[in-house]
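One structure below.
The values are calculated or read from the model by the stated rules, or taken from the named source; none is laboratory data. Nothing here was measured: the structure is a model prediction, and the numbers come from that model. Glycine gets a Cβ as well: all are built from the backbone with ideal geometry, and neighbour counts include every protein chain shown. Keep in mind that these areas ignore ligands, DNA and RNA; they rest on the heavy atoms of the full protein, side chains included. Shrake-Rupley method; radii C 1.70, N 1.55, O 1.52, S 1.80 Å.
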Amino acid sequence: MLSLSEISTPSASFRDDLRAYAAAGFDGIGIWEMKFGVNDEANLEAVRASGLSVTNCVPLVPSILPNTVIEGPEDVETRIDSICASVRRFAPFEPDCVLCLTGPAGERSEEEARRLVIDGLQRIAAVADDVGVRLGLEPIHASERDALTLITSIPEALELLDEAGLPDVGLMVDLWHLWDAPEIERHLEDNVDRITGVHVADWFEGERDDRALPGEGVSQTAELMRVLRDAGWQGAWDVEIFGDPARPDSLWSLDVDEAARRAYAAIATF
């Protein structure tokens, strides 16, 4: 299954995303709650009419601890409550998973930050279990530890989930974040049954912070997708591109229809 995550077309509406992604040939859509609006009944009808499956969903507040990339409340309790509400909201759409991030320690000690994250994960996981949604914890690239995360690899994510006593919470794998993690091939092979979803993008050569379409960068996207296939992954490949609208070669500089067509053309070759 081929899917496109809505952050790849940030200026388009939810309805336009559904139309353009289906027209481009995608089978699924990775929903970002910030695009939903308030009428969930209409949203659900629109998804069903599009024929797209819902793959990986991103809550309005995606991390338990405040991060420096996506705005949100500073209070951790408020953030946890928001993620729990998002899980409940996504449930009728029958997604492959709802993902969450830990957020960074910030001014807190590592011990305090970890304690807060474990408490948050336990509470969010309980809601996910109650509504029948799979929760996926996403490790983030080591270069973004201070901005987004306590965990930067699959082993670190598993260690945290083990400490929290949450064997049923899975791993949201983003190949852009994990492509150069030590022993990544082995960790993907060994934990394929724990993976809830896979985000796919490529890493531009040089100092760029935005993401390249699969096959248009220097990271080992094709190799890691092959590793996952050989290990038994049968879920969606969800293209997720963060761009720079000021750059003419960025996906974010395109209208939704052209962006969806280019994203599909890139991932369909793998």
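Taking springs between alpha-carbon atoms closer than 10 angstrom, which of 152, 68, 221 fluctuates most in the Gaussian network model of the chain? Answer for the Gaussian network model of the chain: 68. Taking a spot 7 Å from the Cα of residue 205 along the direction of its beta carbon, which residues of the stretch 231-270 have an amide N less than 19 Å from it? Backbone N within reach: 248-251.
Taking 99, 160, 254 in turn, the Gaussian network model of the chain (Cα-Cα springs below 10 Å) assigns the largest fluctuation to 254. The heavy atoms of residue 1 offer some 90 square angstrom of accessible surface to a 1.4 angstrom probe.
Length gained on full extension, residue 226 to residue 60, computed as 0.36 nm times the residue gap minus the Cα-Cα distance: 56.6 nm. Per residue, the stretch 102-157 exposes 43 Å² of solvent-accessible protein surface, assessed with a 1.4 angstrom probe and all protein chains in place.
The Cα center of the stretch 1-48 and the Cα center of the stretch 234-260 differ in position by 13 Å.
For a test of the definition: using alpha carbon positions, the gyration tensor, and the 1.5 limit on a/c, classify the stretch 169-245 as rounded, prolate or oblate. Cα axes put the stretch 169-245 in the prolate bin. Computed over the stretch 206-270, the range of Cα coordinates on each principal axis works out to 39, 28, 15 Å, biggest value leading. Electrostatic bookkeeping for residue 185 treats Lys and Arg as +1 and Asp and Glu as -1; over the other residues with beta carbon under 11 Å from its beta carbon, the sum is -3. Mind checking which of 251, 137, 44 has the largest fluctuation in a GNM of the chain, springs on alpha carbons under 10 Å? Highest fluctuation among the options: 44.
For the stretch 120-270, with all protein chains present and a 1.4 Å probe, just round the carbon and sulfur fraction of the accessible area to a whole percent.
Values: 2890 of 6570 Å².
On the stretch 120-270, the fraction of accessible area on carbon and sulfur atoms equals 44 percent.
Centre-to-centre, using Cα atoms only, the stretch 137-180 and the stretch 185-223 are separated by 14 Å. Surface calculation, 1.4 Å probe, protein heavy atoms: residue 141 sits at approximately 20 Å² accessible. Charge tally around residue 220: other residues with Cβ under 12 Å, Lys/Arg +1 each, Asp/Glu -1 each, net -3.
Normalised by the residues of the chain, what does the relative contact order come to in percent, with Cα pairs under 8 Å and at least six apart? The normalised contact order for the chain reaches 21 percent. Helical runs assigned H by DSSP (4 residues or longer) give the chain a calculated mean residue ellipticity at 222 nm of -12000 deg cm²/dmol, each run adding -39500 (n - 2.57) before division by the residue total. Considering only beta bridges that DSSP places wholly inside the stretch 88-238, some 15 percent are antiparallel.
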